[in-house]
Amino acid sequence: MPDAGRLRPVTVLTGFLGSGKTTTLARLLKTSEFAGTVAIINEFGEIGLDHLLIETSEERFALLDNGCVCCTVRDDLVETLLRLIARADAGELPDFRRVVVETTGLADPAPILHALMAEERLARCYRIDGVLATVDAVNGLATLNAHREAVKQVAVADRLLLTKTDIAGEGAQTPLLSRLATLNPTALVIHSREGDAPASALTGLELDAAHAGPGEIVGWFERAARAAEQPHFRAEAHIESCRNPDCADPRHGLQHDKDISTFSIIIDRPVAWGAFKQWLEYLALLKGEDLLRFKGLVHVAERPDTPIVVHGVQHVFHPPCELAAWPSADRRTRLVFITRGIRRATIEDTLSKFAAIDLARMRRPAA
């Protein structure tokens, strides 16, 4: 097992075209929190241009040209990350502390997370810091209405950075914030006014069992479970709010996210790990494409004193991490889901069948 303290964190920076990713990255690279960072920027088009806007040395920069970060360039990304380690070990590159991967505005960030989770060579050198998605406060609602990619970027993010708030009135932001809460109620929204969001708020994005204390992890699940169970805003509320002239038909975008839902399940009794693991594999195989994000804190019957943290993106799950101990007397299993078109009843039914868990003991947490 690699030394968790020596793994370099990788932050995935995503967001739709024009939402301020490159501006955000350029600012972050100048801060002390992001000192020693290698930026990997993936360009869409034959000639990469965005890197010309970033003041960083060539030793701190890598560029993947011609294509979005998806299956077609995933191997290039893996090799780039491995090459950075080799160059640092050989003294050809100053040792670096972290990596930021900026996707294109049209990219799905999930394949990057898949690579970091599933590629064993990367797992020995890197860890996921999380997904940061930039959202344009002025045009964000129209973008979500018009583009499925923007919806996916928001849904899989750990934190959302709301940009251009200095030129967007507070009233105009209200429907956008409502839409973001509907798509991803567990993500923390950070408001940036003229780029003033603190860099410290844009690191440590992911629920990282190796670096967070048990109390922090359990606290996250409690907050996420409460957020996941808040009543979602009715889709009709967004229709009247979209008055942007660039959004020809505000109803159009509702088709993109009407099936995205967030919910949590709490299980009172310990679960058998073998059966639970089999259920996860079944869920990933049959429903993985629509299982956008999943995180769980599991009370395993075979090891009742050491809870297990699991999380996944679509059909790929990160290796389970065992905590040293429970931080409190509350030892219930907590599962948080962000799904597309997967009904809560489907999750409960399959969990009941595979893990032999009584549905009557699945309780929704109080709001």
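Readers should treat all values here as calculations from the given coordinates under stated rules, not as data from a laboratory. What you see is a predicted model; the values in this text were computed from it and never measured. Virtual Cβ from ideal backbone geometry, glycine too; neighbours counted across all protein chains shown.
Things worth noting here:
- Summarising the overall dimensions of the stretch 280-341 from its C-alpha atoms, the Rg and Dmax are 12.6, 36 angstrom.
- Length released on extending from Ser352 to Arg303, taking residue separation times 0.36 nm less the Cα-Cα span: 15.6 nm
- Cβ crowding within 10 Å averaged over residues, with 121-129, 278-286 ranked highest first: 121-129, 278-286
- Arg303 sits among other residues whose Cβ lies under 12 Å from its own Cβ, and their net charge, with Lys and Arg +1 and Asp and Glu -1, is -2.
- The stretch 266-301 and the stretch 153-180 have Cα centres lying 31 Å from one another.
- As a rough guide to protection, the peptides 329-335, 261-267 ranked by mean Cβ packing within 10 Å, highest first, stand as 261-267, 329-335.
- Packing rank of 19-31, 191-203, 156-168, where each peptide gets the mean count of other beta carbons within 10 Å, highest leading: 156-168, 19-31, 191-203
- Expressed in units of 2.2 N^0.38 Å, where N is the residue count, the Cα radius of gyration of the stretch 120-201 is 1.20.
- Legend: calculated FRET efficiency, Glu322 to Ala272, from the Cβ-Cβ distance at R0 = 25 Å, rounded to 0.05, equals 0.95.
- Set Lys152/Lys353; Lys164/Lys287; Lys295/Lys353; Lys21/Lys287; Lys287/Lys353 screened for pairs whose C-alpha atoms are more than 27 Å apart: Lys152/Lys353; Lys164/Lys287; Lys21/Lys287
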